[in-house]
Every structure is written in structure tokens, then in C-alpha cells.
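Asker: First the structure, then my questions, so here it is.
The values are calculated or read from the model by the stated rules, or taken from the named source; none is laboratory data. This one's a predicted model, so the numbers in the text were calculated from it and none came from an experiment. For neighbour counting, all protein chains shown are included, and Cβ atoms are generated from backbone atoms with ideal geometry for every residue, glycine included. Each accessible area value is taken on the protein alone, full model and side chains, heavy atoms only, with ligands, DNA and RNA left out. Shrake-Rupley method; radii C 1.70, N 1.55, O 1.52, S 1.80 Å.
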Amino acid sequence: MIFRKSVPKQMVVIVLLAVLCSYAQPAKIRIACIGNSITWGGLGDLSYPQQLQKKLGSNYDVRNYGISARTLLKKGDYPYWKELEFIDARNFDPHIVIIKLGTNDSKPQNWIYKDEFFSNYTEFVAAFRMLKRRPQIYVCFPVPVFHTNWGINNPVVKDEIIPLIDSVRNSAQTFLIDFYSLMKNDSALFPDGVHPNAIGYEKMAQLVYDTVMHGQSGVIRYFYATRDTLNKNETAILYWNTSENSQVFLNGNPVNAVDSLNIAPSNTTTYTLTTRGSISDSVTRTIFYYPPGKIKFFRANIPMYEIGSIDSIALRWQTGTGSSVSFNGTPVKENDTVGVFVSRDTIFTLIADGEQADTQSITITGIQTDKFNRALHRTASASTTDWGYSISAVNDGDSNTFWKSKSGKTQWISIDFGKTISVKNVRLQWGSVYGISYYLYLVKESGELIAIYNTGAGDGDVDDISGLSGSGRQLKILCLKNNTLDDSYILKECEVYGTNDLTSARDNNSTLSVSTFLLEQNYPNPFNPSTIINYRIPSTAHVTVTIFDLLGKKVTTLVDETKPAGNYSILFNAERLPNGVYFVRLQSGVMMQTKTMVFLK
């Protein structure tokens, strides 16, 4: 007789975690050191961030983003906010951020704005906290000032700036590095009374090292997955790193403080990493599983058409690997894009089958000409865009999102309609920083600019500009003056109304004339990474549409089949190709046309 001991389910899970976990950690922990000349150091490898790198070793990547004379105050003489390093530090996507600013704010010309120091500092912390990685943030009490120099003085630093930074620490729930207490008796290490020497920098680096490595337990430095979507038979790896002496649990089961786990879920699963220590922390990651037959997405680039016209719409979808897919009853690839011409309200249905069945539909609805927003979802560009914002928000149809420029009085926005439009009305919905003085231009296919409107008395909120006259491929908004002393522009939405100059190409049956063989210029151009290619053929014929590189080498064939007379649209995706100039060639028998396309990542 064989007796089998019953093993608790919880114990099985823990054993499996132990077996599957490995110690491989492919990602270094990134530390961004923000600050002024004391952070910059000017001593090369002897500056404090560089010495910190040596102490932490190869598992860490420490970057020095210090700039001399910079202030935390936005209205200071040299605000850190305006520097490229402010953008670079966020693009670095750090796990740990160390902010050491405030010394230069003590100068008399800067401290007159002291009432804004707390709010500016809180906003500065938020600029890093908005990162998806949710970095660990340390605010620093500045080093002491032993001799008033350049207007920098110790009473303001000690009695006013440090208490305000401490208030930021409490309200924003950051960690603290106290350089002031560390060095208050070290005047000999400050040759000019303000900047430490190499020994002083080593002392600063040691404090940061001790705080990061042996500080509060229970901090999750990172928890991420190599992939957040999985098809059948695909795997991903979870990686995590927590502070020293942390008790760590993955979905309630104890795991190592620094580890990884191979996962292959058979359904969508949420993984939760929690810690216990001097603080408690929790981070979740959801891995989406798509079995054969599951539709990942099905969407249209623009889900509407102009009544009385025929518009080209691109429909794109992705399904779980191994799916059997049909589009309006026709078998199609499991991941693909098709171009369709729409002249009436139409429902497009995608059906996927496999281990499960899934159905999604898109309705393309008609909009009257006078209500058809020509700018909606069209390609937009701008002179500058502030970090964390997108120019696409300016014409996404959602006034809760917005585009924000970088600082500068002169800025521009351009929206490409994809074809020539006679513009009648433009509606601009501004944010808190708006254009007082600005111009509206139309840009023709030739590149010629035509001014259709200007004002020097913009009052923000919503500008409804009607009675406009002019035709162009693009609308360009040139902003010359805003309503603040020194800040960026915020535009929530730009809407453009008018008529399609190409409507004369329609006949009485509301179908485009196909009396000519024509390859239209791709839109947008330049593009990244997708562009639409429209063409028409006057009679049934065998058609090829081919892409070539600059050397004439064939890249891919998009179409190679017999087609009836009509208008056609293709979406070409170049995401796997290098930047450069490409050619698209339409050929049918002896007829052939070629257009030049520019791909810019």
C-alpha cells in the first residue's frame, strides 16, 4: 500500500516560485543626480555623482545632470526648468532621482519670489513622479554656506529654504538626504565657502551611498515584465529589485528581495509585488494573454466620412497568434491593415475564431460638410513639445488632453489635412497659457504660405474664427505672444471646418471618377511609421504596387493581383525599415507612375 502525503496548495506555489526564479537582473538601477554647480562639481571623476558611481559599482548607472547657477524657482535668474538636462533626466527614465537645488535660490534677486518656492518644488517632484516607472525620489537639504559669495548666503539657506524643502518632503512623501547636517562643521572642505573640494564630494557621495544602500527597507526600486502581452506558447520574465532587508511577496508568496521569474500564464493575470520593512510598498503588473480567436484591437484611423464625398479609411487589427480571421465575411490575415473607401454609413465586422471566438464591429458614420472637422486625427507637428506631452492631443477630439510647448514666446503648430481644403472656420480651445498675438496660415502643396487671419488681442478660452477664405493642404498656427511673462503655450483642441476642393471629382452617383490611371502622393509624407497610398485604375487590369529603396532595390510588393476599375487605398508600415527615401511604383501593363516617400523616425 502506498501512502501519499497531501501537500498544501500554498506550499506548491512557493516551491514553484523558488524553482522558476533566477538571479539574472538585466537592468541596471539608474540614478539621476539633479542639481546646480555643487552637483556638477567641475572636478570630473572627483565630483560627487562620479564618486557615487564608483561606490555603487556596475549594477548602477549614475548620471550627473548638474548645471552651474541654476535655480529651483521658475522665476529665478537661471531656472533649471528651462535646461535640456531637465528633459534628459526624465528621458533617462531613472529608478532613483536625487534633487539638490536651492542654493542659488538664496540670492537676493531670486529669493524675492520665495512665496513660489514650495509650489515650484512640489511641481518639480511631480514632473518625475509622473514617470511610469514611479521613481524613488530624494530631496536634499543643501550643503552649508560658510562664506557669502555671489549673493548666496547661509541664513536664507538654513532658516528659510531648508524648512520649505522639509515641507515638500512631507507633503510629497519623498525621501531625504541631509547634506547640511552632514557638513555643517566642515568649513575646511569649502575653499570658496560654497563649493566642496574633492574630499567634501567624497563625503557627499558616501552619504548618498549609505542612504540608497542601507536606508529604509521595504522600497520597491523596480518591478517590470519583459512583455505585457502574450500569445499562446509565449513566455515573459518578471524582474524586481527592492531595498536592503525588505520582506518581499509576489502574489502573497515570499520571494527573494532581488530576483526574476519566468511566467507563461494561460489567461490574463495580474502580478502584485508587496514589501514589508520600515515602509510598505506595492506595485502591480498585468500580463494580457491573447489565445487564438481573441481580438487584441480593431480600429479605424478616422471613424467617419463626409456626406456627399468618398473618404479613404484605414482599418487595422491584431488577433491572437493562430487565429482564423474574417473581415466582412472574407478571410484575412490575423494581423493586417486594409484601406476602404466609404460613401455611406457602413459597419465593418471582424470575426476571429480559435480556442475561443471573438467579434468586434466598427461603424463609419457620415458627417455633414459644415460639421466635418478636417483636423481630427490628422498628422500634426509643432516647433516644440514639452516633455510628457504629445502634439497629437491638439486634434484628438478630446478637450481633456492638450499639447504644451516648451518655454518660448514664438511657437508654431501645423496640421496636415492630407488633401487641399477650402477653410471657412477655425476653432481654437486654449488652456491656461494662450496666444494673445498669433497668425493663421494655409500652406499649399507647393509650400506657399497664405495668411488668412491674425490677431493681437486673443483672450484665451475658445477662439471661434469664422468667415475665413483660402485653400491649402495644411493649417499653420504661428504664436508670437502669450499671456504670461515666461511660459509655454497650451492648446487643448484645434478644429478646422471647410470644404473639400476635390469634390468636383465626383459624378452624379457619388463615386469618384476613375477615367484616369493615377497614383496619388502618399499621406502623410514624410511619415513615421505608417502612410496611406491611394491609387485608381480606369479598367479591370493586373496591378502591382511596389516599394523600392533609394538604390532601386525592391523592398516589398504591396499589391500583385487583378483588380476591377476603381479607387484603392493601402496602408504601408515601415517600422522595420531604416530612415530614408523610398519610392512607390504603380504599374499596370505599360502604364506606370512613381512617387517619392520620406520615412523619418
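Asker: Considering only residues that are under 22 Å from S217 (Cα atoms) and either under 28 Å from the mean Cα position of the chain (by Cα) or modelled with pLDDT under 95 (or both), look in the range 262-275 and name the one that is surrounded by the fewest Cβ atoms within 10 Å (Cβ to Cβ).
Answerer: Going through the qualifying residues, I end up with T272.
Asker: Here's another thing I want to ask about it. Going by the structure shown, is L176 without any contact (Cβ under 8 Å) to a residue 40 or more places away in the chain, among the aliphatic types (A, V, I, L, M), open to solvent by 50 Å² or more (accessible area, probe 1.4 Å) and assigned to a strand (DSSP E or B)?
Answerer: In short, yes.
Asker: Select the strands (runs of 3 or more DSSP E) contained entirely in the range 377-448, then report the ones holding at least 3 residues which are surrounded by 17 or more Cβ atoms within 10 Å (Cβ to Cβ), of a type outside the set (A, V, I, L, M, F, W, C) and out of contact with any Pro (no Cβ under 9 Å at 6 or more places or on another chain).
Answerer: Once the strands (runs of 3 or more DSSP E) in the range 377-448 are filtered for at least 3 residues that are surrounded by 17 or more Cβ atoms within 10 Å (Cβ to Cβ), of a type outside the set (A, V, I, L, M, F, W, C) and out of contact with any Pro (no Cβ under 9 Å at 6 or more places or on another chain), what remains is 411-430, 435-443.
Asker: If you take the residues of the range 193-207 that are assigned to a helix (DSSP H, G or I) and either under 37 Å from the mean Cα position of the chain (by Cα) or not small (G, A, S) (or both), which of them is surrounded by the fewest Cβ atoms within 10 Å (Cβ to Cβ)?
Answerer: I199
Asker: Exactly one condition in (1) open to solvent by 50 Å² or more (accessible area, probe 1.4 Å); (2) at pLDDT 90 or above; (3) assigned to a loop (DSSP other than H, G, I, E, B) is false for N373; which is it?
Answerer: (1)
Asker: Among the numbered criteria (1) at pLDDT 95 or above; (2) closer than 30 Å to A126 by Cα, which one does Q173 miss?
Answerer: (1)
Asker: Which of the residues belonging to the range 297-316 are surrounded by 20 or more Cβ atoms within 10 Å (Cβ to Cβ) and over 19 Å from Y568 (Cα atoms)?
Answerer: Once the filter is applied, which keeps residues that are surrounded by 20 or more Cβ atoms within 10 Å (Cβ to Cβ) and over 19 Å from Y568 (Cα atoms), the range 297-316 yields only F298.
Asker: Going by what's in this entry, would V248 be described as in a loop (DSSP other than H, G, I, E, B), hydrophobic (A, V, I, L, M, F, W, C), open to solvent by less than 50 Å² (accessible area, probe 1.4 Å) and modelled with pLDDT of 95 or more?
Answerer: For V248, the condition - in a loop (DSSP other than H, G, I, E, B), hydrophobic (A, V, I, L, M, F, W, C), open to solvent by less than 50 Å² (accessible area, probe 1.4 Å) and modelled with pLDDT of 95 or more - is not met.
Asker: Using the structure shown, decide if D464 is at pLDDT below 95, surrounded by fewer than 18 Cβ atoms within 10 Å (Cβ to Cβ) and either on the phi > 0 side of the Ramachandran plot or of a type in the set (D, E, K, R) (or both).
Answerer: When the stated conditions are applied, D464 does not pass them.
Asker: Write out, first by first residue and then by second, each pair whose Cβ atoms fall under 9 Å of each other, whose residues are 6+ apart or on separate chains, and whose first residue, in the range 585-601, is under 15 Å from N525 (Cβ atoms) and small (G, A, S) while the second is assigned to a strand (DSSP E or B) and open to solvent by 80 Å² or more (accessible area, probe 1.4 Å).
Answerer: Nothing qualifies.
Asker: Here is a follow-up. Considering only residues of the range 543-571 that are in a strand (DSSP E or B) and modelled with pLDDT under 85, which is farthest from F517 (Cα to Cα)?
Answerer: L571
Asker: Would you mind listing the helices (runs of 4 or more DSSP H) fully within the range 1-68 where at least 1 residues are within 26 Å of A236 (Cβ to Cβ) and either open to solvent by 20 Å² or more (accessible area, probe 1.4 Å) or at pLDDT below 95 (or both)?
Answerer: The helices (runs of 4 or more DSSP H) meeting that bar are 9-20.
Asker: Filter the range 589-601 for residues that are in a strand (DSSP E or B) and out of contact with any Lys or Arg (no Cβ under 9 Å at 6 or more places or on another chain); which is surrounded by the fewest Cβ atoms within 10 Å (Cβ to Cβ)?
Answerer: My answer is T596.
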